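Down below is the structure, laid out as structure tokens.
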Amino acid sequence: MKFTSYIANRLQSFSLDCKIENEFVVLTIDGTPIKIRIDDEWEQAYQQYKTAKSITFDTTTRILCHNKAVEVPLMRLDQEFYRDLQYLFTDSSGNTVSISRSTAMYSFAHFDSDEYPKYFERVVKRRITGRSRTSFPINALMTNPFTATYTAKSRKKPSNLFEKSISKIKACLFKLAVEQRDCLEIWKAKDQRCLPLHTDNTSDDFSIPKAEYEDNVVSYYKVARSSPFPSQSFLDYFHVLEYHFLRVTEDKLHHQIRTMVYQTNFRANEDGLDRIIALVRSSDAINDETEMLRSVIQKFVPEHDFISYLKSVEDDCGHKIYTKKRKIFGEHLEISTAEGHAISNAAKVLKHIRNAIVHSSDRYKREDCHIPLSESENVIEEFIPIIRYFAEKVIYGTAN
């Protein structure tokens, strides 16, 4: 099959309006014809791909296995998005780990996979429409992520090739982080039920706010909002709430003492002073961090508003991820939507997650702790909308 026919047939397979004109593949999207140029380099790569054997592409992990090679997609952990990658690691046996843009074999395998139609709608369509130009090279249709490829030098394919490949690639990524300050990680698919929680629309309101916001908590908020790691975001949102722990607790105690000393029958004698001391001591005893977190939230967030928000997020998500009891870092928890319970439950859950993030000692079971870049990031990510909601309310409530 000619390369142009291969491309056209694949695009037509998921109902795209596509035809061949001379050496171009012409896509028509929303009435606009878009020409795809065929490059010699890609055509040669296609011939190799067409005759290749033992190719498997996992649509969940997006890992390509081909003969004695395993190619794994990578993601950047730092902010140097435009830094090019090209590294080659070798060992004494001639095995290699190559880190660079993906091979053409990888791009073709993805192009033929069940994942590609979704990729076309999400990425390619945006890439080739809405521009003044109507002609693009063939690579505009293809995925081309950074990948790491382990290639075994042995004459026969090792029986444990996949496990060995992942292990060697991870070791090389650590070496890069230490010696090149280049931080990458093997790409992992997001938990799909997390995605609707982060699709809130941006605003087109650019009026100057009338309020002035507290610099320190705004700094925490910005770091939380911009971090690519849910665990880091969660901690910084938590810092916004934690920043007011003592202030709210002491304010509550001030009101209690003021109420006591302003009573008409209060006397500043030994009995009266003992009552004040007892009140202060009891406040210290009952105000653990969970109680202080609950007090901060209750001061700035009406419970019925929070319950409405909780229900709206679950409706958008399509899952009862908050109001149904589930195991979270070793403990079964839920957030009730009943008045008088919602904020207390939320404070308990958020404090429990915070503890799981910061407690990494081997004193704790692994299921009780968060491990960065593991699946537990997905659990934390699910609770970002709640703690972000509270953090925003606290920032608004403390503004001038």
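The values are calculated or read from the model by the stated rules, or taken from the named source; none is laboratory data. As the structure is a prediction and not an experimental result, all values here were calculated from the model. Glycine also receives a Cβ, built like all others from the backbone with ideal geometry; neighbour counts cover every protein chain displayed. The protein model used for the area step is the full one, side chains on, heavy atoms only, and it has no ligands, DNA or RNA in it. Shrake-Rupley method; radii C 1.70, N 1.55, O 1.52, S 1.80 Å.
Assorted remarks:
- Residue check for residue 358: open to solvent by 50 Å² or more (accessible area, probe 1.4 Å), hydrophobic (A, V, I, L, M, F, W, C) and either under 21 Å from residue 224 (Cβ atoms) or at pLDDT 90 or above (or both): yes
- Of everything listed in (1) modelled with pLDDT under 90; (2) surrounded by fewer than 20 Cβ atoms within 10 Å (Cβ to Cβ); (3) outside any loop (DSSP other than H, G, I, E, B); (4) of a type in the set (D, E, K, R), the single unmet condition for residue 348 is (1).
- Residue check, residue 121 closer than 30 Å to residue 35 by Cβ, assigned to a helix (DSSP H, G or I) and of a type in the set (Asp, Glu): yes
- Taking every residue in segment 118-131 that is under 16 Å from residue 59 (Cα atoms) and pairing it with any residue that is part of a loop (DSSP other than H, G, I, E, B), at least 6 positions away or on another chain, the pairs with Cβ-Cβ distances below 9 Å are 119/113; 119/143; 120/14; 120/16.
- One residue alone among 185, 179 is on the phi < 0 side of the Ramachandran plot, at pLDDT 90 or above and exposed (fewer than 12 other Cβ atoms within 10 Å of the Cβ), and that residue is 179.
- Residues located in segment 1-19, provided they are in a helix (DSSP H, G or I) and among the aliphatic types (A, V, I, L, M): 7, 8, 11
- Filtering 3, 14 for residues that are free of Cβ contacts under 8 Å to residues at least 60 places away in the same chain, under 30 Å from residue 134 (Cβ atoms) and open to solvent by less than 80 Å² (accessible area, probe 1.4 Å) leaves a single hit, 3.
- On the stretch given as segment 1-32, residues that are modelled with pLDDT of 90 or more and at positive phi total 1.
- Listed by position, the helices (runs of 4 or more DSSP H) enclosed by segment 258-318 that each have at least 2 residues that are at pLDDT below 85, surrounded by fewer than 12 Cβ atoms within 10 Å (Cβ to Cβ) and out of contact with any strand residue (DSSP E or B) (no Cβ under 9 Å at 6 or more places or on another chain) are 270-286.
- Qualifying residue in segment 94-102 (condition: small (Gly, Ala, Ser), open to solvent by 10 Å² or more (accessible area, probe 1.4 Å), closer than 19 Å to residue 58 by Cβ and in contact with a helix residue (DSSP H, G or I) (Cβ under 7 Å, 6 or more places away or on another chain)): no
- If you go through segment 376-397 and pick out every residue that is open to solvent by 20 Å² or more (accessible area, probe 1.4 Å) and aliphatic (A, V, I, L, M), you end up with 1.
- Cβ pairs under 9 Å, 6+ apart, first in segment 45-73 and farther than 21 Å from residue 118 by Cα, second in a strand (DSSP E or B) and open to solvent by 60 Å² or more (accessible area, probe 1.4 Å): 65/56; 65/58; 66/56
- Only one of the listed residues (200, 204, 191, 215) is at pLDDT 85 or above and acidic (Asp, Glu). That residue is 215.
- Residue, nearest to residue 353 (Cα to Cα), within segment 319-336, restricted to residues that are assigned to a strand (DSSP E or B) and among the hydrophobic types (A, V, I, L, M, F, W, C): 328
- Close pairs (7 angstrom Cβ cut-off, 6 or more residues apart or separate chains): closer than 15 Å to residue 71 by Cβ and open to solvent by less than 70 Å² (accessible area, probe 1.4 Å) in segment 156-172, assigned to a loop (DSSP other than H, G, I, E, B) and basic (Lys, Arg) anywhere: 161/68
- Residues located in segment 120-137, provided they are open to solvent by less than 20 Å² (accessible area, probe 1.4 Å) and either within 23 Å of the chain's Cα centre (by Cα) or at pLDDT 95 or above (or both): 120, 124
- For segment 22-57, a residue qualifies if it is touching a Pro at 6+ places or on another chain (Cβ under 9 Å) and either within 18 Å of residue 127 (Cα to Cα) or open to solvent by 60 Å² or more (accessible area, probe 1.4 Å) (or both), and the qualifying residues are 26, 27, 36, 37, 38.
- Filter result for residue 90 (out of contact with any helix residue (DSSP H, G or I) (no Cβ under 8 Å at 6 or more places or on another chain) and exposed (fewer than 13 other Cβ atoms within 10 Å of the Cβ)): yes
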